[in-house]
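Please treat every number below as a calculation from the coordinates, not as lab data. Note that this is a predicted model, so its numbers are computed, not measured. Cβ atoms come from the backbone with ideal geometry, glycine included; neighbour counts cover every protein chain shown.
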């Protein structure tokens, strides 16, 4: 069962990286607000059959508060994530999502009372070193230049914002799951984002329903891939430890860096691959600690 769970977690990582590649290609020709909305909308469509066969848990005030906060934060990150992919190399921006555990060391003690361990701090150090290696070529202009590059590069800044907001929303995700169930929570968060994001799409993207009809063949795969990732991740969690699943899932960062080199011919593959591996190693250490 454990080996099957790890295999499904690895499959989740591959699907997640493919979703990054598809997003990178699509936002070059379709407005990022439309892509972000379509991802959530079509995910709902493919999750609906599973939703019909689960028991709806009793809902309390903690659930609704968590849904409101997590939903709004994830709405923002959905847009920022697409903007970051549009603005920067996938091999440079995507690895920065591994900063979420680092930010969690700050947000979790306040929100859910979780205190980091010694090994958790070692994992954070590995993530920081990995982020330095990502921009190692910038060292020619100064020893701290690789860190400065994170804040000067547009896509990197937006992805760091995504990682920080995820460090907050993930705490409320935990509260939401505890007061419902993983699949029900996933469905409700997506539903919330779809309902709130739709009018924003019409305004920001200056579009109407015809735009979704024109591009539906390019947009439907987003929902299929994302719903598949959710399904395989939830199944993996039921078969093995959550920490193992999340750690293996983070290998999607490494796959995305490789795809960035193979598909988009992005430069600096050596330092970006090494940096992403160090960052994933940090996430694994934190998870296992």
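Between residue 177 and residue 270, what is 0.36 nm times their sequence separation minus the Cα-Cα distance? Round to one decimal in nm.
Difference between extended and current length: 29.6 nm.
What residue among 19, 251, 105 has the largest mean-square fluctuation in a Gaussian network model of the chain, using Cα springs under 10 Å?
Between 19, 251, 105, it is 105 that shows the largest mean-square fluctuation.
If each residue of separation counts as 0.36 nm, what is the full-extension length gain between residue 62 and residue 128 once their alpha-carbon separation is subtracted?
20.3 nm
Top mean-square fluctuation among 18, 165, 48, Gaussian network model of the chain, C-alpha springs under 10 Å?
Highest fluctuation among the options: 48.
Can you pull the percent of Cα pairs in region 2-288 with separation above 22 Å?
Cα-Cα pairs in region 2-288 separated by more than 22 Å: 58 percent.
Note down the relative contact order for region 2-288 as a percent, whole number, built from C-alpha pairs under 8 angstrom at least six residues apart.
Relative contact order, region 2-288: 43 percent.
Need one number: nm distance between label points at residue 217 and residue 198, each 7 Å from Cα along Cα→Cβ, rounded to one decimal.
Those two pseudo-labels are separated by 2.6 nm.
Put one equal scatterer on each alpha carbon of region 218-287, apply the Debye formula with no solvent term, and list log10 I(q)/I(0) at q = 0.20, 0.25 1/Å to two decimals.
Values returned for q = 0.20, 0.25 Å⁻¹ are -0.93, -1.04.
Running Debye on region 161-289 with equal point scatterers at the Cα sites and no solvent, what base-10 log of I(q)/I(0) appears at q = 0.09, 0.17 Å⁻¹?
-0.38, -1.23
Taking the Cα-to-Cβ direction at residue 54 and at residue 76 and moving 7 Å from each Cα, how far apart do the two end points lie in nm?
It is 2.6 nm.
Indicate the gyration tensor shape class of region 29-106 (rounded, prolate or oblate), computed on the Cα atoms with a ≥ b ≥ c the square roots of the eigenvalues: a/c under 1.5 is rounded; otherwise a/b larger than b/c is prolate and the rest oblate.
Cα axes put region 29-106 in the oblate bin.
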